[in-house]
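Here is the structure we will look at.
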Amino acid sequence: MKLNAHIPPTSPAVTVAHRALIATRIRRLYGHHHPRSGAIARALGDVAAGRLAAGEREWLARIEARRAEIPFEFVAADANARSDRGIDAAEHLGRAWEVCRWVSIPPVWGRFLTRLVGELSPGCCIELGTGLGVSGAHQAAALELLGRGHMTTMDNHEASKIAERGFSELGLEHRIALRFGDIDETLAPLLEQIAPIDYALLDAAHSESETVRHFDAVLPYLSDGAVVVLDDITQTSEMKRAWRTIAGRDGVSLALGLRRIGVLGISGPARRPSAESRRSAVR
Ligand SMILES: C[S@@+](CC[C@H](N)C(=O)[O-])C[C@H]1O[C@@H](n2cnc3c(N)ncnc32)[C@H](O)[C@@H]1O
């Protein structure tokens, strides 16, 4: 099944194709020894079948309503720049819609993140790459439904302030907090402060070297049985190579590629990658 990169990720056709793909991959988890393979399989099974609990359905509707507001906030935040560039308001809004559509996780994968976090019930969570707050809202909503857990999300772009506003409008500010700044500076002190990490979404830089570097930085701080999700693992050849490198790291006992999304299960005491494996990762 080949998904055309030019079809918007929010289109119903993409949703149907991803659900069908998910259904074909679930069996790889049957009998897998990773302690959370059953939870991952249940989350995928629910997304493939379109199953959602009433509480989750309500949250997803609220998050989709929030998603629809973001382009307007984006335009409002950028109003001065627009008039400087002489762009007309309608054109600006059109561009903002496009940006939001491509930057944020599409609904079908947002639903998966909500279901996955709901099944895993993690205590300590991180997200690299807040963007406009759509993926963060999906995960934080699951924590809110569980009544436990907290996520710290990291970004260095001004637009992530829109995300922060969204979290508080949704009433999720006690479940998710933005740590503003470059991940190369904010990640290490954060990990020291909050580890062990039970769940992580890596969706910041999309170069091979940065993606591998971010994973390697997080790996030693993951709990036994932790789950890590990567977005856009097949977006470019660099991302494909990053995924292969990461999937082969010591401590990764489960690596499930779902075309766009990759899910990793961590087992045993996590180890810092050797200098040699770090060098091969960035060749
Ligand atoms: C694809 S977007 C994240 C989308 C978001 N996870 C969602 O689906 O709603 C990637 C984000 O990572 C941020 N980013 C990339 N490299 C970064 C870095 N080195 N430090 C902090 N943020 C970074 C960008 O500013 C951008 O907002």
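The values are calculated or read from the model by the stated rules, or taken from the named source; none is laboratory data. This one's a predicted model, so the numbers in the text were calculated from it and none came from an experiment. In this analysis, Cβ positions are derived from the backbone assuming ideal geometry, glycine residues included, and neighbour counts consider all displayed protein chains.
At a glance:
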quantity	calculated
Matching residues in region 117-134 - criterion: being within 15 Å of Leu172 (Cβ to Cβ), of a type in the set (Gly, Ala, Ser) and within 14 Å of the ligand (Cβ to nearest atom)	Gly133
Number of the exception - His92 against (1) outside any helix (DSSP H, G or I); (2) in contact with a Lys or Arg (Cβ under 7 Å, 6 or more places away or on another chain)	(1)
Qualifying residue in region 206-223 (condition: assigned to a loop (DSSP other than H, G, I, E, B), within 16 Å of the ligand (Cβ to nearest atom) and within 18 Å of the chain's Cα centre (by Cα))	yes
Checking Thr234 against (1) surrounded by fewer than 18 Cβ atoms within 10 Å (Cβ to Cβ); (2) away from the ligand (no atom under 15 Å from the Cβ); (3) part of a loop (DSSP other than H, G, I, E, B), the condition it does not meet	(2)
Within region 166-189, considering residues that are among the hydrophobic types (A, V, I, L, M, F, W, C) and in a helix (DSSP H, G or I), the one nearest to the ligand (Cβ to nearest atom)	Ile183
Test: Phe112 is surrounded by 17 or more Cβ atoms within 10 Å (Cβ to Cβ) and modelled with pLDDT of 90 or more	yes
Which listed residue is surrounded by 20 or more Cβ atoms within 10 Å (Cβ to Cβ), within 13 Å of the ligand (Cβ to nearest atom), among the small types (Gly, Ala, Ser) and without any contact (Cβ under 8 Å) to a residue 40 or more places away in the chain, from Ala163, Ala137	Ala163
Condition check for Gly110: within 25 Å of Phe72 (Cβ to Cβ) and more than 8 Å from the ligand (Cβ to nearest atom)	no
Count - residues of region 166-177 that are surrounded by fewer than 21 Cβ atoms within 10 Å (Cβ to Cβ) and within 17 Å of the chain's Cα centre (by Cα)	1
Residue check, Ile63 under 18 Å from the mean Cα position of the chain (by Cα), within 16 Å of the ligand (Cβ to nearest atom) and touching a residue at least 40 places away in the same chain (Cβ under 8 Å)	yes
Residue list for region 140-159, filter: within 11 Å of the ligand (Cβ to nearest atom) and touching a strand residue (DSSP E or B) at 6+ places or on another chain (Cβ under 6 Å)	Thr153, Met154
